[in-house]
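Down below is the structure, laid out as structure tokens.
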Amino acid sequence: MLKSNVESLTIPGHNSNIQKIKTLKDRTEMKHNYDFHRIETKWQKIWEDKEIFKSVEDPKKKKCYCLEMYPYPSGRIHMGHVRNFSIMDVVSRHKFMSGLNVIHPIGWDAFGMPAENAAIQEGVHPREWTLGNIAHMKRQLKRMGYSYDWSREVTTCLPEYYKWNQWIFLKLLDRGLAYRKKSWVNYCPKCQTVLANEQVVGQGCWRCDSTVEQEEMEQWFLKITEYSDELLSGHDLLEKWPEHVLVMQKNWIGKSTGGHIVFPVVGMKESIEVFTTRVDTIYGATFIALSPEHPFTQKLISDLPDKEKLQDWISRSIAEQRLKRDVAEVEKDGIDTEKKAVNPYTGEEIPIWISNYVLMEYGTGAIMAVPGHDQRDFDFAKKYALPILEVIVPPGQDPSEELEEAYEDYGTVINSGDYSGLSSQEGSVKMVQFAQERGFGRETTLYRLRDWGISRQRYWGTPIPVIYCETCGAVGVPYEDLPVELPSDMEFKGVEGSPLKKTESFVQTECPKCGGEARRETDTMDTFFDSSWYYFRYCSPQEKNLPFDPQAANYWLPVDVYIGGVEHAIMHLIYARFFCKVLRDLGMTVVDEPFPFYFGQGMVTKDGAKMSKSKGNVVDPDNIVNQYGADALRLFILFASPPEKEFVWNEKGIEGCYRFLNRVWAFFQENGSRVSEDFKEEDKDTEQKKTHRLQIKMHQTIKKVSEDIDKRLRLNTAISSLMEFFNMIKKESETLGENDNQKALFKEVMEKLIILLSPFAPHICEELWEMTGHRTLLARLPWPNYDPELAKEETVTIVVQVNGKLRDKFIVERDLPEDEVKEKALGLSRIQNLVSGRKIRKLIYVKNKIVNIVV
């Protein structure tokens, strides 16, 4: 409630409008009535009208670029969106209140197959379907109260965006980083388009789960492999990335250092070159295995009596390999060519096999098979009764009598001539040196990463800006003719192939070089092209002459906090890093890595499965907002689980958060006049206030919430601490009315509660702030500071180490005397067992942190 003499306050956020603060009588009538519909609508309008979250470059201020992966406009936001966007909104609001110049943009990943499929099924043009979905989802996002700068909105399906996709493609073409070749590709028969390797999950399409087939066709590729080394070395700059994401990228890039070794073929002029990362095992090679696609296979079987049968096996194996990329899972099968090769180290002849577990696309398509030290070779050798030799043993161990499985780790070299006794690493180096000196080998580095195929046989994507002329060949569209726009007069019948190919008005054109008859490229770009640089466009979305203004990009970038699903670890995140480095090399940015801090939020599940329409377990955010309000939904989805963990939807949980907000609302209704009351400076006794436990709790809560948002993204524990703080305020409230010092303390803790809660539940907090007589917008207030001395916890956790290794921990009072802490550490039963009978050389104590026992 407000003092009765307060008639009105001017609230920034309404140009000339005056917000009428209700009188005491009116407020009394509203008591306990938490009308979230009215409150949320009101404050969303104020924020929008006043452009509270609009960002402008200011070289005098430290910037903060907050970004979540932009959504695909499927029609409605889902709880995964709500979780992702709510996490970032807390971060963005906190950074804003901390005095940083925050940019928090949003846009739409608007190209893609669902729009085209909708056109086929429902007869709605993809553009109409997409823009209609965007309009609806935009209303939903605004209803959640997110702090977006909508003036920076981008929509990738509009020509003003995809013009710059084409511009970047032409730059790649000019630099030799885009090229066209005929190749076997992954093809989804349901989506009727090509898929990149990264888009094949198991044997299925990443979008529709249909079984992927193999087809050979002309495709456009981007030479991402030119940046393989830098994509790996750049991981050193990504200290704030989850380790498992870095591992996924490293495995996908797949750097392998080893050697190329040449094995002469007995009785023939040809030789077989293999690549191996384990040259140290070469004395254990007992056969050579070739991929069915290896060009030498045909000659090797040409004189065998059942050549036609063998050829059928090879053809069948090639087809299976192209479909099943994980050769570790296939049943090992092979053909003995009845030819032999010579091991250049031992001089021994070993058989040459053709095997279905050897891939042509990695290395040379031929391997030296070492059954003793590679499990796939071991399984194959067991099946076909081939020799198994042991040439590496674990350090300090003797050879096995018989290997039951392959020993694949490094160790000590044995049974390898002059190299016996060396470590695996030293043996490899010396063996490669020997091969280089004798001319039958060389040191080599290979990568698993393959160039990125971007051609898609669909309509709803960026047209590839290339023209084909019989005289001039493939010619890039002149820059001044961009964009090459998608034709609008299309029929979507769902027949195989690109709809663009059947549209003569689009296909037929003139060659920009010779003026002769020519045809346009009818493939469109992979939509990951769009998302590989959208974070640059946000920096200057109205830029007319370039994809973005380099000066603006150099101010805002890199992205300071990037949030999105971990499922994009080896697609979007690698492609975006690649594009950033290309744009740097084009002189358009000084940034090497676009996302120094990436956070992958966990998925939202219900009934034991990820929410999806097909499973019938989707919870519509609109229904929840209608029933409980946006603030309750935001609070629940942030409170119920750590943000990186799976979130399990529970209706009781949202009800609990709704009840909490109602309790806060009711408490402020009852005590609003105590918060809106002013106190004269001379009535305040800071030292006396500081002795109160509520003052201490306030500073502890400020510290906890600040660090949970800024350092740890532990938003669930931040909310928990706010709930504890509120409960303590309620408990102490009746005792804080005896004098002005106590009244001042109550006013202070109530105000701090609203400020700290505001990033999580901004609407209700703005309303309470206004209700208690404040004239400024809460969103524009500075974030509160805390007194480090008052914020100290009363207890601390002491870690106990033995010889530097964590062995136990215990809780004690803060600043307990050192001898008492050491005594407690040595008294722990686990520690007593570890040090029993051993001499303690040192006992090191780091105050309030660690006891290290050196024995």
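The values are calculated or read from the model by the stated rules, or taken from the named source; none is laboratory data. Just so it is clear, the structure is predicted and the values come from calculations on it, not from any experiment. Virtual Cβ from ideal backbone geometry, glycine too; neighbours counted across all protein chains shown. For the accessible areas, the whole protein counts, side chains as well, though only heavy atoms, and no ligand, DNA or RNA atoms are used. Shrake-Rupley method; radii C 1.70, N 1.55, O 1.52, S 1.80 Å.
Screening Val855, Val800, Val796 for residues that are open to solvent by less than 10 Å² (accessible area, probe 1.4 Å) and either without any contact (Cβ under 8 Å) to a residue 60 or more places away in the chain or within 26 Å of Thr735 (Cβ to Cβ) (or both) leaves exactly one candidate, Val800. In the stretch 33-70, the qualifying residues are those that are part of a loop (DSSP other than H, G, I, E, B) and among the β-branched types (Val, Ile, Thr), and the one that is surrounded by the fewest Cβ atoms within 10 Å (Cβ to Cβ) is Val56. Checking the stated criteria, Ile831 turns out not to satisfy the condition of being part of a strand (DSSP E or B) and open to solvent by less than 90 Å² (accessible area, probe 1.4 Å). Within the stretch 340-371, the set of residues being over 20 Å from Val330 (Cα atoms), assigned to a loop (DSSP other than H, G, I, E, B) and not β-branched (Val, Ile, Thr) comprises Asn343, Pro344, Tyr345, Gly347, Glu348.
Among the residues of the stretch 815-823, not a single one is part of a strand (DSSP E or B), out of contact with any Phe, Trp or Tyr (no Cβ under 9 Å at 6 or more places or on another chain) and surrounded by 11 or more Cβ atoms within 10 Å (Cβ to Cβ). Scanning the stretch 719-734 for residues that are free of Cβ contacts under 8 Å to residues at least 60 places away in the same chain and within 30 Å of the chain's Cα centre (by Cα) returns Ser721, Leu722. Exactly one residue among Arg139, Arg180 is among the basic types (Lys, Arg) and in a helix (DSSP H, G or I), and that residue is Arg139.
Flag: Leu237 matches the condition of being open to solvent by 10 Å² or more (accessible area, probe 1.4 Å) and in contact (Cβ under 8 Å) with a residue 40 or more places away in the chain. When the residues of the stretch 591-622 are filtered to those that are among the β-branched types (Val, Ile, Thr) and in contact with a Lys or Arg (Cβ under 7 Å, 6 or more places away or on another chain), the one that is nearest to Met137 (Cα to Cα) is Val619. Residues of the stretch 144-162 that are surrounded by fewer than 18 Cβ atoms within 10 Å (Cβ to Cβ) and not in a loop (DSSP other than H, G, I, E, B): Trp150, Ser151, Pro159, Glu160.
Identify the residue in the stretch 663-699 that is open to solvent by 40 Å² or more (accessible area, probe 1.4 Å), under 30 Å from Tyr628 (Cα atoms) and under 45 Å from the mean Cα position of the chain (by Cα) and, among all such residues, is modelled with the highest pLDDT. Selected residue: Arg663.
Restricting attention to the stretch 742-789, the residues that are more than 20 Å from Leu661 (Cα to Cα), in contact with a Lys or Arg (Cβ under 6 Å, 6 or more places away or on another chain) and not hydroxyl-bearing (Ser, Thr, Tyr) add up to 3. Within the stretch 575-586, is there a residue that is at positive phi and either surrounded by fewer than 22 Cβ atoms within 10 Å (Cβ to Cβ) or within 19 Å of the chain's Cα centre (by Cα) (or both)? Checked the stretch 575-586: no residue is at positive phi and either surrounded by fewer than 22 Cβ atoms within 10 Å (Cβ to Cβ) or within 19 Å of the chain's Cα centre (by Cα) (or both). Restricted to the stretch 700-740, and to residues there that are crowded, with 16+ Cβ neighbours inside 10 Å and hydroxyl-bearing (Ser, Thr, Tyr), the residue that is farthest from Arg634 (Cα to Cα) is Ser733.
Answer with yes or no whether Val245 is among the hydrophobic types (A, V, I, L, M, F, W, C), touching a Gly at 6+ places or on another chain (Cβ under 7 Å) and assigned to a helix (DSSP H, G or I). Give the steps one after another, and end with the answer.
Details: among the hydrophobic types (A, V, I, L, M, F, W, C): yes; touching a Gly at 6+ places or on another chain (Cβ under 7 Å): yes; assigned to a helix (DSSP H, G or I): yes.
Criteria met by Val245.
In the stretch 279-303, what count of residues is obtained for those that are among the β-branched types (Val, Ile, Thr) and more than 25 Å from Ile388 (Cβ to Cβ)? Don't jump to the end; show me each part of the working.
The initial filter retains those residues of the stretch 279-303 that are among the β-branched types (Val, Ile, Thr), namely 279, 281-282, 286, 288, 297, 301.
Adding the requirement that they be more than 25 Å from Ile388 (Cβ to Cβ) leaves 301.
Total meeting the criteria: 1.
The residue that is least open to solvent (accessible area, probe 1.4 Å), among those in the stretch 426-452 that are farther than 15 Å from Ser416 by Cβ and of a type in the set (A, V, I, L, M), is Leu449.
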